[in-house]
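Here the structure comes first, spelled out in C-alpha cells, and everything after it is commentary.
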Amino acid sequence: MEELDRAAGIGRTNAEAIELTRRHCRNARIELVNGNSLVGAALNVPLGLMEVRCKHAPPPRAQSPDALELAIKFYDAHCRQCAHRDPTGE
C-alpha cells in the first residue's frame with residue numbers, strides 16, 4: 001500500500017508540473033513517451049517516461065519519469081531567452 005501511495009504522489013506531482021508547463025507557454029508540453037503506465041492509468045495520474053516538446057526548441061534528448069525535473073531543465077536550456085514564449089495568462 002505504501003508503494004501505491006508513493007506512486008500516486010509522484011503522479012500528482014507530475015500532473016502539476018504538466019499543468020504549470022502548459023500555463024507557462026502554449027508552445028511547450030510534457031508528453032508521456034510510450035503512454036501511461038498501468039499503475040498511472042489505474043490511478044488516473046501520469047506515470048512513465050516523459051519528455052518536453054516545443055516547436056521552437058530542438059527535439060527532446062532527455063526523458064525522465066519526473067516531469068518537474070524535466071520542466072526545470074528544459075526551461076533553463078531553452079526558455080530563458082526564447083522570443084516565442086506564449087503564456088496562457090492563467
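Of the heavy-atom accessible surface of the chain (probe 1.4 angstrom), what whole percent is carbon and sulfur? On the chain, the fraction of accessible area on carbon and sulfur atoms equals 52 percent. Between the helical axis of 2-24 and the longest alpha-carbon principal axis of the chain there is an angle of about 20 degrees. Karplus-derived 3J(HN,Hα) values for segment 72-84, using 6.51 cos²θ - 1.76 cosθ + 1.60 with θ = phi - 60°, are 5, 5, 5, 4, 4, 7, 10, 9, 3, 10, 6, 7, 9 Hz; glycine and proline are entered as x. A 1.4 Å probe run over segment 1-66, with the rest of the protein chains in place, finds 67 Å² accessible per residue. Taking the average, over residues, of other Cβ atoms within 10 Å as the packing measure, peptides 21-30, 76-85 rank 21-30, 76-85 from highest down.
In the chain, helices alone account for a calculated mean residue ellipticity at 222 nm of -13000 deg cm²/dmol, with every DSSP H run of four or more residues adding -39,500 (n - 2.57). Note on the chain: with charges restricted to the Cβ of Lys and Arg (+1) and Asp and Glu (-1), its dipole about the Cα centre is near 520 debye. For segment 54-63, 3J(HN,Hα) computed residue by residue from phi via the Karplus equation (6.51, -1.76, 1.60; θ = phi - 60°) reads 7, 5, 9, 10, x, x, x, 10, 10, 10 Hz, glycine and proline entered as x. Dividing the Cα radius of gyration of the chain by 2.2 N^0.38 Å, with N the residue count, gives 1.11.
The values are calculated or read from the model by the stated rules, or taken from the named source; none is laboratory data. Every value quoted in this text rests on a predicted model; they were computed, and no experiment measured them. As a convention, Cβ positions derive from the backbone with ideal geometry for all residues, glycine included, and neighbour counts pool all protein chains shown. Just so you know, the surface numbers come from the protein's heavy atoms only, side chains and all, with ligands and any DNA or RNA stripped out. Shrake-Rupley method; radii C 1.70, N 1.55, O 1.52, S 1.80 Å.
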